[in-house]
Amino acid sequence: MIMSRLARSGRGGIALLVIGLLAALVLPWLIYPPVALDIACWALFAAALDLLLGFTGLLSFGHAAFWGGSAYCTGLIALHGGMPFPVAILGGAAFAALLALPIGFLSVRLTGIYFAMVTLAFAQMIYFVANQWRDVTGGENGLQGIPRELFGLDLYDPFFFYYAGLPFVLAGLLAAWRIVRSPFGRVLVSIRDNPARARALGYPVDRYRLLAFVLSAALSGTAGGVFAIGHGFASLDGLYWTTSGQVVMMVILGGIGTLWGGAIGAGVVVQLQDFLATAGFEGIGIVTGSIFIVIVLLFRRGIWGTARHLARRRGLSPAGGSGGGPAGSPGLARAPASPRPAGGPPGATAGERC
Amino acid sequence: MGGGPTGGRPGSGPVLRARGLVREFRGFRAVDGVDLDVAEGSVHALVGPNGAGKTTLFNLLTGFLKPTAGSVLLEGRRELAGRSPEAISRLGVARSFQITSLFAELTPHQHVELALAGPTGLGWRFWRSDRALARFAGRAAELLAQVGLAGHGDVPAGSLSYGRKRALELALALALDPKVLLLDEPTAGMGVEDVDRTIELVRGIRAGRTVVMVEHNMNVVASLADRVTVLQHGKVLIEGPYAEIRHDPRVITAYLGDSDAAR
Ligand SMILES: Nc1ncnc2c1ncn2[C@@H]1O[C@H](COP(=O)(O)OP(=O)(O)OP(=O)(O)O)[C@@H](O)[C@H]1O
Ligand SMILES: [Mg+2]
């Protein structure tokens, strides 16, 4: 099924898939294994966010709630439940999805900057709760010493744990790809492009957005859970708004609406941070921020998006994950361009038409 | 008047019945106490000068705007006011938009597939391949051919010419197979040939349906409409068969006078 689908997307698609898989397999040989695992986790997190940002047109600035929330839940299950770590990770992902239900319910009615603000506010609330609820979360210390046994196997060597965590990441990426290339994904793209028209076709837009939000949260939670097990701790950092900001940055760097671009964004950002940190550099934020700005200014479509654009112009086979061609500028860029659409559906903005 | 509880018999009560519809925008009444009866199976034209409130009325009928006051009954039994656009669409009231409103990155074919897939619930299947939508491909191709878009089904809709976008609007409304079809200026900006084709198309699809159309082109109104409602300043100025209202002095001054009076 999947192979035949890939075959349709051309030899370029298969070549890229093989390269990507090989890269994922050899990564801990090339770089410091804990950093390799970080890249894998953030890559899945970024793909999960792109599901919303690139394919549904919603910019969440509160995804730390799902990454960090799942990290705590995963940690608690592994610490106190005595469960093998895969169960803990799945539990964390389920918790993230549950958490996304009320948050999404209350925020998907909003779009653009309002959606970003409300999701940010919810995430900060979760952060606050985690900080206060010391008995369970350990407050500022976080959860320490999360075990990662699996039927007596010793996975404490980060090199080996990379290969234990990788299947979760790959399964998550595969799920994201399937969602984007499903009938549901097609509806999401239509909602992104023109929610009023999707409504006129009978699609309950808010419920579709809610499901997209929950699925995105579940995948973010998977990533956060692997991250927590891999590091052996869950900390408040994971819930802080900078985590939300960082994953948004990765998606934009890699290319909004490309799905795989986020993995490249994750690789660039995590590697850079690691490099600067080991070099004892102080202003890591300044450097990553500047590079971010330069790339966004030079390549509006992000790294992957630009590469794909060039490949298409040269007539090579497209290999992106977009449900309907290159996604230009969803999210904030779709803010109303005219105060009142003349004669059109109210709420539909000029940017949503064609 | 008033449709019976079943309301399904052709020619029985009005399929759409609006009473006292009001919509205010910051104190300005764009629609100001409109009563409207649309007979089942008829083609009902809504005309009036720019800003008369025609599109606002459409938005009220289809749930895109909530009325400040008033009610809309479908088939004499279902209150539409207060329902969401998607719910009203599911009840069989479809609309097209005055300003072409499409999904820029989807192809016309994908547009129509989405419209056809709506009632089946296929859109929720996030675990299936989007090739599952291909089961609507045949019907989609038929509909595209019907509106003259055969051979243009596979380019991004954003790149279609204006006339073809209008045709796609129509195909989408048709794909929903609605009981009531509301068309907001379906021929706006079309050349004569396309206008004629649209007239023929509406003739072809009206069987078994009710059509309400906002239309500035009096040729189109004359050749299609059974009844005409003239709106002005958000109020119903006059209502009747085209032959009657076209000579009414009030209509001529309000509307026909300033543009298509000669027709
Ligand atoms: N969302 C809105 N906010 C404020 N005013 C509005 C809004 N929608 C419509 N109006 C006003 O209501 C009046 C009626 O507008 P409407 O679009 O319904 O007219 P129309 O009869 O469709 O005109 P046209 O023939 O130009 O399409 C206009 O004066 C318009 O400016
Ligand atoms: Mg109008």
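So which residue, out of A:G81, A:G221, A:G245, gets the largest mean-square fluctuation from a GNM of chain A using Cα contacts under 10 Å as springs?
Of the options given, A:G81 has the highest mean-square fluctuation.
Calculate, for A:Q132 and A:L106, the FRET efficiency according to 1/(1 + (r/R0)^6) with r their C-beta to C-beta distance and R0 22 Å; round to the nearest 0.05. Write out the running numbers ahead of the final one.
Details: r = 21 Å, r/R0 = 0.97.
The pair A:Q132/A:L106 has a calculated efficiency of 0.55.
Just the number please: accessible area per residue for segment B:116-263, 1.4 Å probe, all protein chains included, in Å².
Working: 6510 Å² over 148 residues.
Accessible area per residue: 44 Å².
Could you go through segment B:167-174 in sequence order and give the Karplus-derived ³J(HN,Hα) for each residue, using 6.51 cos²θ - 1.76 cosθ + 1.60 with θ = phi - 60°, rounded to whole Hz, and x for Gly and Pro?
Result, ordered by residue: 4, 5, 3, 5, 4, 5, 4, 5 Hz.
What residue among A:G165, A:L98, A:V187 has its Cα farthest toward the positive end of the dipole of segment A:60-215, where the charges are +1 on Lys, Arg and -1 on Asp, Glu, each on the Cβ?
Positive-end residue among those listed: A:V187.
For the pair B:S223 and B:R77, how long in nm is the line joining their label points, each one 7 Å along Cα→Cβ?
3.8 nm
Through the Karplus equation 6.51 cos²θ - 1.76 cosθ + 1.60, θ set to phi - 60°, convert the phi angles of segment B:119-131 into ³J(HN,Hα) values in whole Hz; use x for Gly and Pro.
Rounded to whole hertz, the list is x, 7, x, 4, x, 7, 6, 7, 9, 9, 6, 5, 5.
How crowded by other chains is A:157-169, given as the mean number of beta carbons from other chains within 10 Å of each beta carbon? Before the final figure, lay out the partial values.
Working: counts 0, 0, 0, 0, 0, 0, 0, 0, 0, 0, 0, 0, 0.
For this peptide, the per-residue mean of nearby foreign Cβ atoms is 0.
Using only Cα atoms, locate the centre of segment B:12-62 and the centre of segment A:172-249, then give the distance between them in Å, rounded to an integer.
One Cα centre to the other: 40 Å.
Rounded to whole Å, give me the distance from the Cα center of segment B:94-113 to that of segment A:72-88.
48 Å
Can you list residues from other chains, or at least 5 along the same chain, whose modelled amide H is less than 5 Å from the amide H of B:L231?
Residues meeting the amide H criterion: B:V47, B:G48, B:L237.
Compute the distance from the alpha-carbon center of segment A:297-312 to that of segment B:156-226, in whole Å.
40 Å
List the lysines whose alpha-carbon lies under 27 Å from that of B:K235, not counting same-chain residues fewer than 8 positions away?
B:K54, B:K66, B:K179
Compute, for chain B, the length of the dipole vector about the Cα centre, with Cβ point charges of +1 (Lys, Arg) and -1 (Asp, Glu) only. Units Debye, rounded to 20. Working shown, then result.
On the way: 31 positive and 28 negative charges, 159 e Å.
Computed charge dipole of chain B: roughly 760 debye.
Give me the one-decimal nm value for the distance between modelled label points at B:I252 and B:A145, 7 Å along each residue's Cα-to-Cβ direction.
Computed distance between label sites B:I252 and B:A145 equals 4.8 nm.
If R₀ is 30 angstrom, what is the calculated FRET efficiency for the pair B:S159 and A:L297, using the beta carbon separation as r and rounding to 0.05?
On the way: r = 27 Å, r/R0 = 0.92.
Plugging the Cβ-Cβ distance into 1/(1 + (r/R0)^6) gives 0.65.
Using a 10 angstrom cutoff on alpha carbons, build the Gaussian network for chain B and name the most mobile of B:G51, B:G204, B:G148.
B:G204
Which percent, to the nearest 5, of DSSP beta bridges fully inside the protein assembly as shown are antiparallel?
Working: 23 of 40 bridges.
Taking every DSSP beta bridge with both residues in the protein assembly as shown, the antiparallel ones total about 60 percent.
For the protein assembly as shown, give the percent of accessible area contributed by carbon and sulfur heavy atoms, probe 1.4 Å, rounded to a whole number. Don't skip to the answer; put the middle values down first.
Details: 15650 of 25230 Å².
Of the solvent-accessible surface of the protein assembly as shown, carbon and sulfur hold 62 percent.
Peptide B:90-100: average number of partner chain Cβ atoms within 10 Å per residue? Don't jump to the answer; show the numbers that get you there.
Values: counts 4, 1, 1, 1, 3, 2, 2, 10, 5, 8, 4.
Mean number of neighbouring Cβ atoms from other chains: 4.
How would you order B:121-128, B:182-189, B:105-112, A:36-43 from highest to lowest mean count of nearby Cβ atoms within 10 Å? Display every interim value, and only then the final one.
Working: B:121-128: 17.2, B:182-189: 22.1, B:105-112: 24.2, A:36-43: 26.5.
Ranked from most to least packed, the peptides come out as A:36-43, B:105-112, B:182-189, B:121-128.
Taking chain B as a Gaussian network, where each spring joins two C-alpha atoms under 10 Å apart, which residue of B:L60, B:L80, B:L201 fluctuates the most?
Top of the fluctuation ranking is B:L201.
Can you run phi through the Karplus equation (6.51, -1.76, 1.60; θ = phi - 60°) for segment B:95-102 and list ³J(HN,Hα) in whole Hz, with x for Gly and Pro?
9, 10, 10, 4, 8, 3, 9, 10
Averaged over peptide A:191-199, how many Cβ atoms belonging to another chain are found within 10 Å of each residue's Cβ? Don't skip to the answer; put the middle values down first.
On the way: counts 1, 3, 8, 7, 1, 4, 12, 7, 9.
The per-residue average across the peptide is 6.
How many Å² of accessible area per residue for chain A, probe 1.4 Å? Intermediate results must be reported in sequence, preceding the final value.
Values: 14670 Å² over 354 residues.
That works out to 41 Å² for each residue.
With charges only on Cβ, +1 for K and R and -1 for D and E, what is the dipole size of chain A about its Cα centre, in debye, rounded to 20? Intermediate results must be reported in sequence, preceding the final value.
Details: 23 positive and 13 negative charges, 416 e Å.
Charge dipole of chain A: 2000 debye, to the nearest 20.
Taking amide hydrogens as modeled 1.01 Å from N in the peptide plane, which residues meet the under 5 Å criterion relative to B:L182, leaving out close sequence neighbours?
Answer set, sorted by chain and number: B:A94, B:R95, B:S96, B:V212.
When the dipole is taken about the Cα centre of the protein assembly as shown, and only Lys, Arg (+1) and Asp, Glu (-1) are charged at their Cβ, what size is it in debye, to the nearest 20? If you can, show how the numbers build up before the last one.
Working: 54 positive and 41 negative charges, 219 e Å.
Dipole of the protein assembly as shown, to the nearest 20 debye: 1060 debye.
Can you give the angle from 0 to 90° between the axis of helix B:108-117 and the longest principal axis of chain B, with both taken from C-alpha atoms, to the nearest 10?
80 degrees
The values are calculated or read from the model by the stated rules, or taken from the named source; none is laboratory data. Treat the numbers as computed from the prediction; the structure is a model and nothing was measured. Cβ atoms come from the backbone with ideal geometry, glycine included; neighbour counts cover every protein chain shown. Please note that ligands, DNA and RNA were not included when accessible areas were found on the heavy atoms of the full protein model with its side chains. Shrake-Rupley method; radii C 1.70, N 1.55, O 1.52, S 1.80 Å.
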